[in-house]
Number of protein chains: 2
Amino acid sequence: MAPARRSYTRASEAERREDLILATLDCIAEVGIQGATVRQIANRAGVTAGLIRHYFTGKDQMLEAAYRAVMDGMTQTAIEAAREDEAPRARLRRFIIANLTPPVTDSRTLSLWAAFISHIQTDPNFAAIHRDNYLAFLQEVETLLLAFFDERGTALSPKQCRSFAISLNALIDGLWLEGTLTADLFDEHELADAALASVEALLRLTPGELTSEK
Amino acid sequence: MAPARRSYTRASEAERREDLILATLDCIAEVGIQGATVRQIANRAGVTAGLIRHYFTGKDQMLEAAYRAVMDGMTQTAIEAAREDEAPRARLRRFIIANLTPPVTDSRTLSLWAAFISHIQTDPNFAAIHRDNYLAFLQEVETLLLAFFDERGTALSPKQCRSFAISLNALIDGLWLEGTLTADLFDEHELADAALASVEALLRLTPGELTSEK
DNA sequence: ACGGAAATTATCCAGTCGTATAATAACGGC
DNA sequence: GCCGTTATTATACGACTGGATAATTTCCGT
């Protein structure tokens, strides 16, 4: 008696990996990283648990890939918001706003970010991923700032630029974190508005220079 | 043949609970929340695993207590740094500095904070604890700001005060987070100095008003 | 169409998890 | 100094974990 086996279709390595990573993120977002077991993940991806070890050396490596995907997603949407074909002021504004409105400001995104953050301390691979993303983000902010101050006709030393970038980044991170964690306290645009006004002050611009619509 | 049983000493409920919570935090800091199992925790506390359920209804409740302990510790050291018996400017400065120097800026503290943060999304009890602490922190900042601007002779509407507090809090949080996560990029005082200068700008003070030593 | 490589499933395994329960040791009251 | 209360230990349990292995199905090249 031949046992009835599940029928399945083969998939390319690329999409299978992506499916697994997406399923991992779904699991983490819904049940936390504790509940993101290989069986749950496989189940959500529509495959069986054993397959995971066919594409990843182990669960840990898959989690790393998932973390990379989350961080790339966050920085990418923000960076893409600062499109090249606009004036520096507009780009800076869009960048700030993008970081403090959906989909970045989103409880799912926060869940994912939070789930991984604690691994940075213990796992050097996670630390490296974080570091890369942080520096890339910082670099993007510095580029935006340089262009902005250039357009404005104000000199900006590299040292001051970096210093601004660090503070600006911290401000955005903090607003994002608390604003998303305690989402019910802030409405949609409140966060972004607060950020624009704060950045304006942070860079010691004249009031309205960043906040005014045009 | 009587089996040799472990000898032990009874402890008061208060200290036993504290021991267990401290052991929980040690575990989390060293092996992450995943590795903080009841057996590990009990082992580190010098008791057996079963005892945990004698003081807590379950592991979850113990984790909540531990989270409360961490957050209280963080806010408490910061608030205590802003001693009542000093001038508003000095208190504000000390408050900011305290939040960006050890023991708050400490990889262990970050580990603990990070380990719990993801639970806020799923567990309403954790969400409540976070919310309480966030609001308490915000309140403290508002109080400090009001006193500071009063001393300075500048008017400050409640609305603006709250807005300042939110941004200031976000800035501190962000600097704390990134500065501690990527500790090797910043040296001891760099973080606090950056914070003072940024807050100065954020509140639109004149340069040196907060940063200068006296 | 068919044969072979390999993607996928099915099953097993040793370990660990949190929790429940019963036995026992410690301590305070008398 | 004993006795009852209870804090603590010891052990057992069922569920679940990530990983290993072997069987089987799919699909591509010919």
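The values are calculated or read from the model by the stated rules, or taken from the named source; none is laboratory data. The structure displayed is predicted, hence computed values, not measured ones. Glycine gets a Cβ as well: all are built from the backbone with ideal geometry, and neighbour counts include every protein chain shown.
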Which of the residues that make up segment B:21-61 are more than 10 Å from DNA strand D (Cβ to nearest atom), more than 14 Å from every other protein chain (Cβ to nearest Cβ) and aliphatic (A, V, I, L, M)? B:21, B:22, B:23, B:41
Out of (1) surrounded by 14 or more Cβ atoms within 10 Å (Cβ to Cβ); (2) within 10 Å of DNA strand C (Cβ to nearest atom); (3) aliphatic (A, V, I, L, M), the one residue B:22 does not meet is (2)
If we ask which residues in segment A:153-174 are within 20 Å of residue A:89 (Cβ to Cβ) and either touching a residue at least 60 places away in the same chain (Cβ under 8 Å) or of a type in the set (A, V, I, L, M) (or both), their number turns out to be 6
What pairs come out if I take residues in segment B:107-119 that are closer than 17 Å to residue B:175 by Cβ and pair them with residues that are among the hydroxyl-bearing types (Ser, Thr, Tyr) whose C-beta lies under 7 Å away, six or more apart or interchain? B:107/B:180; B:110/B:180; B:114/A:118
For segment A:6-21, name all the residues that are touching a residue at least 40 places away in the same chain (Cβ under 8 Å) and of a type in the set (A, V, I, L, M). A:20, A:21
Give the residues of segment A:32-55 that are surrounded by 16 or more Cβ atoms within 10 Å (Cβ to Cβ), within 12 Å of DNA strand C (Cβ to nearest atom) and assigned to a loop (DSSP other than H, G, I, E, B), sorted by residue number. A:47
Taking residue B:77 as the residue in question, decide whether it is under 30 Å from residue A:126 (Cβ atoms), assigned by TED's automatic domain parsing to the domain that holds residue B:114 and of a type outside the set (A, V, I, L, M). yes
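Residue-wise test of (1) within 25 Å of residue A:133 (Cα to Cα); (2) surrounded by fewer than 16 Cβ atoms within 10 Å (Cβ to Cβ); (3) touching a Pro at 6+ places or on another chain (Cβ under 7 Å).
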residue	(1), (2), (3)
A:166	yes, no, no
A:170	yes, no, no
A:180	yes, no, no
A:184	no, yes, no
A:201	no, no, no
A:213	no, yes, no
Is it the case that some residue within segment B:79-86 is of a type in the set (Lys, Arg) and either within 14 Å of another protein chain (Cβ to nearest Cβ) or surrounded by 15 or more Cβ atoms within 10 Å (Cβ to Cβ) (or both)? no
Mind telling me which of the residues A:147, A:127 ends up being closer than 30 Å to residue A:59 by Cα and surrounded by 13 or more Cβ atoms within 10 Å (Cβ to Cβ)? A:127
Does segment A:62-74 contain at least one residue that is without any contact (Cβ under 8 Å) to a residue 60 or more places away in the chain, within 12 Å of DNA strand D (Cβ to nearest atom) and under 16 Å from residue A:117 (Cα atoms)? yes
